[in-house]
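Below: the structure, in structure tokens.
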Amino acid sequence: MGGRHGNIIPTISIRCFNRSTQLDLSPGLPYFINLMVSKKKSAKAGSKPKPLLQQLAAKPEKLFDGKWKQQYAALCFRYRGDGPSIEILVVTSRDSGRWIIPKGWPIERKAPHEAAATEAWEEAGVRGKVRKKPIGRYTYLKLMQDGDVAPCIVDIFQIEIKKAANDFKERGERTLDWVSPDEAARRVREVELKSLLVEFKPLGTDKPV
């Protein structure tokens, strides 16, 4: 993909069947794992970290053991002025500084949509009307703190932002930006997320007339 989506780093496509171990490696299927080349500080002095692609190649069973990790993300948007045009919130990750949407792990005693709303508040200081059902999902490979690689499935929840605070938990640790859907898609790396952002149409919101 080129043009408005920007350059795409190498990916392989997979199709998940009930999040099990079956994989279809033919191109063009709906679920993709983004094989990002990330850096990590090695515990051993002088040793070089391996890119995620090399780590996955060394342990391909990670894709087949069914141990997908669940995360929840917030697609935060707001209307521009009095018109129907929208802006989408993107933030930078704390480790690599790449552009993402707010996301995180499940939170005990919180429903998935509540966990997504919590991430939006802690990472960007925004709150609003949250849809309880996910509007989509994407997959990616996450480099864990122990150096392991974990395939993750991220369910995305729509939040129409009504309030933005100047003081929040991760203030100063991330950069925030409100951009058009096309620009948001250009900035993120995950192929599935790019497609969702470009095609995003708010559901059940207080759309200006």
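The values are calculated or read from the model by the stated rules, or taken from the named source; none is laboratory data. These numbers were taken from a predicted model, which means no experiment stands behind them. Counting neighbours? That spans all protein chains shown, and the Cβs are built from the backbone with ideal geometry, glycine included.
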Report the residue count in the range 68-97 for those that are surrounded by 13 or more Cβ atoms within 10 Å (Cβ to Cβ) and more than 14 Å from Pro202 (Cβ to Cβ).
11
Which one of these is crowded, with 19+ Cβ neighbours inside 10 Å, outside any strand (DSSP E or B) and either touching a residue at least 60 places away in the same chain (Cβ under 8 Å) or in contact with a Ser or Thr (Cβ under 7 Å, 6 or more places away or on another chain) (or both): Leu203, Leu193?
Leu193
In the range 121-176, which strands (runs of 3 or more DSSP E) lie fully inside it and hold 2 or more residues that are modelled with pLDDT of 90 or more and over 18 Å from the mean Cα position of the chain (by Cα)?
126-130, 149-164
Within the range 99-158, residues β-branched (Val, Ile, Thr) and within 15 Å of Leu197 (Cβ to Cβ) come out as Ile100, Ile101, Ile135, Val154, Ile156
Check on Val188, surrounded by 15 or more Cβ atoms within 10 Å (Cβ to Cβ), among the β-branched types (Val, Ile, Thr) and farther than 20 Å from Lys67 by Cα
yes
Val209 versus (1) within 23 Å of Pro112 (Cβ to Cβ); (2) modelled with pLDDT under 95; (3) not basic (Lys, Arg); (4) not in a strand (DSSP E or B): which is the lone unmet condition?
(1)
Within the range 98-130, restricting to residues that are in contact (Cβ under 8 Å) with a residue 40 or more places away in the chain and of a type in the set (Gly, Ala, Ser), the one that is nearest to Asp167 (Cα to Cα) is Gly125
